[in-house]
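Student: Got a structure here, written out as structure tokens. Questions coming.
The values are calculated or read from the model by the stated rules, or taken from the named source; none is laboratory data. Just so we're clear, the structure is a prediction, and the values are computed from it rather than from any experiment. As a convention, Cβ positions derive from the backbone with ideal geometry for all residues, glycine included, and neighbour counts pool all protein chains shown.
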Amino acid sequence: MLAKLKLKGICLLLMTLSFVSLSAQYHPDWDSLDKRETPKWWKEAKFGIFIHWGLYSVPAYAPVNEVDGIYEKYAEHYYNRLLTGNKLFQNFHTKQYGEHFKYGDFAPLFKAEYFNPDEWAALFRDAGAKYVVLTSKHHDGFCLWPSTQSPHWNSVAMGPHTDLIGELSASVRNSGLRFGLYYSLLEWAHPLYAEPTIEKWVDSHMIPQMKELVNNYKPEIIFSDGEWDYDSKTLKSEKFLAWLYNESPVKNTVVVNDRWGKETRSKHGDYYTTEYDLVHNQEGIGDKADHPWEESRGIGTSYGYNRFETTNHYLSSKQLIGILIDKVANGGNFLLNVGPDATGMIPVVMMERLLDIGKWLKVNGEAIYSSQPWKSPNKPKSDNIFFTRKEENLYIILKKWEKAPIVLSGLKSTGKVELLGYPDVLTSKYHQGQLTITLPLLTVDEIPSAHAWVIKVSDFSE
């Protein structure tokens, strides 16, 4: 009997060890973590909405033009510019709020009194976005949830007295979109964020705070940032990501970027990042990329709301749709930022741009969602014509209407040629591996969409 019990105990132990081994699929080192396949849903989504919102939305200030050779365009960096003695920011701050007004005094003014998460989510859905990424905490450390690591410096204890992440995440998911969170690995004024206390910062503040966010809100994207001061070993990023991939409630669907230490951009992470076309590694991003990547930017010059931007600083709907086309045709995603004001209102000009993108995607979205870039050596080079592929279909995306015939060479066969949103088949000719497409002469009322147009070639092979 004793022998049977011992045998049973050994079997249970082996089963437990086997389960642990299987569950710990990824080890806390980049060699292991980099083997993880980027979840399919993110690679197919293509278009997302970024939201920068916090105390910096109260002053909502950054110089909109270059001054003395310096361009400080990001309004969300307001606190840091005060801490580092930037004269432009200091002069503005003193004039508007007085010498004794501290950055923390913005908290009671960040009221979010008109914040309506259902309206935000409906807007993002109508824009054609498939995911939303909200700043949970920027570099100033102010949290948009009741963080146990920052119990007095968050949106429930101060300002709106509301769990902003909780409310928006519910509305976004109810609208059928994926929800993610931006998280800053640094805080400009936290006493532990410095040598020699950085390890204590990581162990007692940063990692517990990130785990709290994951466990409480289950974000399917983590856009980390502020990684440039320390390497990923010091920040223990590999350890956190191993937990995220192996044990967290979003282990199978979560997607993370490449900002986990000062050495990690365009080297590690489920996807690489650029912002405002600042490319860190040309081999990892662009038309030759074989790793998922994403471009982010604001509609204007800043991520955080800057009330001093004018129409000269905002991109038009046509320009934004052009960026979406360019990034997707080169294998990337596009994360377009909106900056709400301190009351919780999204500026009308931003809403208009989003709705214009959504109208375009309703007609032409099949050339964007779930598509792949066409990397054929026979692809004609043009600043106007872009290409994507999906299954056996080729999509020719025009930023400008083409009067001359479009000619593609090196093809084996083609099927029907059509203009998305237009009821008739296009005039085309296929001969000896060459396809010639002629666009129709259309009136304004007959043109199927504004800003850009998509030709679909079915049963395409080369």
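Student: Between a residue in the range 28-45 that is under 17 Å from P373 (Cα atoms) and not assigned by TED's automatic domain parsing to the domain that holds G332 and any residue that is β-branched (V, I, T) and loosely packed, with under 14 Cβ neighbours inside 10 Å, which pairs come within a Cβ distance under 8 Å, given they are 6 or more apart or on different chains?
Tutor: Within 8 Å, no pair qualifies.
Student: Sticking with this structure for a sec: Of the residues L213, L181, L186, only one is assigned by TED's automatic domain parsing to the domain that holds A129 and in contact with a Gly (Cβ under 6 Å, 6 or more places away or on another chain); which?
Tutor: Result of the check over L213, L181, L186: L186.
Student: Looking at the range 102-136, which of the residues that are hydroxyl-bearing (S, T, Y) and not in a strand (DSSP E or B) is surrounded by the most Cβ atoms within 10 Å (Cβ to Cβ)?
Tutor: The residue in question is Y103.
Student: Of the conditions (1) under 20 Å from Y79 (Cα atoms); (2) in contact with a helix residue (DSSP H, G or I) (Cβ under 7 Å, 6 or more places away or on another chain), P219 satisfies every one except a single condition; which number is it?
Tutor: All conditions are met except number (1).
Student: Can I ask one more? Given the residues N312, N337, N333, which is the only one that is more than 20 Å from Y131 (Cα to Cα) and either part of a loop (DSSP other than H, G, I, E, B) or modelled with pLDDT of 95 or more (or both)?
Tutor: None of the others qualify; the one that does is N312.
Student: Of the residues that sit in the range 279-308 and are in contact with a helix residue (DSSP H, G or I) (Cβ under 9 Å, 6 or more places away or on another chain), among the charged types (D, E, K, R) and part of a loop (DSSP other than H, G, I, E, B), which one is modelled with the lowest pLDDT?
Tutor: D287
Student: Exactly one of (1) surrounded by fewer than 22 Cβ atoms within 10 Å (Cβ to Cβ); (2) in a helix (DSSP H, G or I) is unmet by S169. Its number?
Tutor: (1)
Student: Let me ask something else about it. Is it fair to say E99 is without any contact (Cβ under 8 Å) to a residue 60 or more places away in the chain, surrounded by fewer than 19 Cβ atoms within 10 Å (Cβ to Cβ) and either not in a loop (DSSP other than H, G, I, E, B) or not assigned by TED's automatic domain parsing to the domain that holds E44 (or both)?
Tutor: Spelling it out, it is not the case that E99 is without any contact (Cβ under 8 Å) to a residue 60 or more places away in the chain, surrounded by fewer than 19 Cβ atoms within 10 Å (Cβ to Cβ) and either not in a loop (DSSP other than H, G, I, E, B) or not assigned by TED's automatic domain parsing to the domain that holds E44 (or both).
Student: Sticking with this structure for a sec: For the range 322-364, which residues satisfy the criterion of being under 18 Å from G421 (Cβ atoms), over 18 Å from the mean Cα position of the chain (by Cα) and of a type in the set (V, I, T)?
Tutor: Scanning the range 322-364 gives a single hit, V363.
Student: So, one more: Across the range 43-79, what is the number of residues that are part of a helix (DSSP H, G or I) and either more than 23 Å from the chain's Cα centre (by Cα) or surrounded by fewer than 24 Cβ atoms within 10 Å (Cβ to Cβ) (or both)?
Tutor: Residues in the range 43-79 being part of a helix (DSSP H, G or I) and either more than 23 Å from the chain's Cα centre (by Cα) or surrounded by fewer than 24 Cβ atoms within 10 Å (Cβ to Cβ) (or both): 5 in total.
Residues are listed down the side, and each one gets a yes or a no for (1) of a type in the set (D, E, K, R); (2) in contact with a helix residue (DSSP H, G or I) (Cβ under 9 Å, 6 or more places away or on another chain); (3) assigned by TED's automatic domain parsing to the domain that holds V256:
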| residue | (1), (2), (3) |
| --- | --- |
| S57 | no, yes, yes |
| L88 | no, yes, yes |
| H161 | no, no, yes |
| E167 | yes, yes, yes |
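Student: In this structure, does N215 turn out to be touching a Lys or Arg at 6+ places or on another chain (Cβ under 9 Å), of a type outside the set (D, E) and over 20 Å from N337 (Cα atoms)?
Tutor: Criteria not met by N215.
Student: Filter the range 138-148 down to residues that are touching a helix residue (DSSP H, G or I) at 6+ places or on another chain (Cβ under 7 Å) and buried (at least 18 other Cβ atoms within 10 Å of the Cβ) and give me whichever is farthest from G339 (Cα to Cα).
Tutor: S147
Student: Can I ask one more? Taking the range 357-378 on its own, how many of its residues are crowded, with 17+ Cβ neighbours inside 10 Å and of a type in the set (D, E, K, R)?
Tutor: Matching residues across the range 357-378 total 1.
Student: Give the residues of the range 188-245 that are farther than 23 Å from D31 by Cβ, under 21 Å from the mean Cα position of the chain (by Cα) and of a type in the set (S, T, Y), sorted by residue number.
Tutor: If the condition is that a residue be farther than 23 Å from D31 by Cβ, under 21 Å from the mean Cα position of the chain (by Cα) and of a type in the set (S, T, Y), then Y217 is the only one that fits.
Student: Inspect all residues belonging to the range 192-209 and state whether any of them is of a type in the set (K, R), surrounded by 15 or more Cβ atoms within 10 Å (Cβ to Cβ) and at pLDDT 95 or above.
Tutor: No, because not a single residue in the range 192-209 is of a type in the set (K, R), surrounded by 15 or more Cβ atoms within 10 Å (Cβ to Cβ) and at pLDDT 95 or above.
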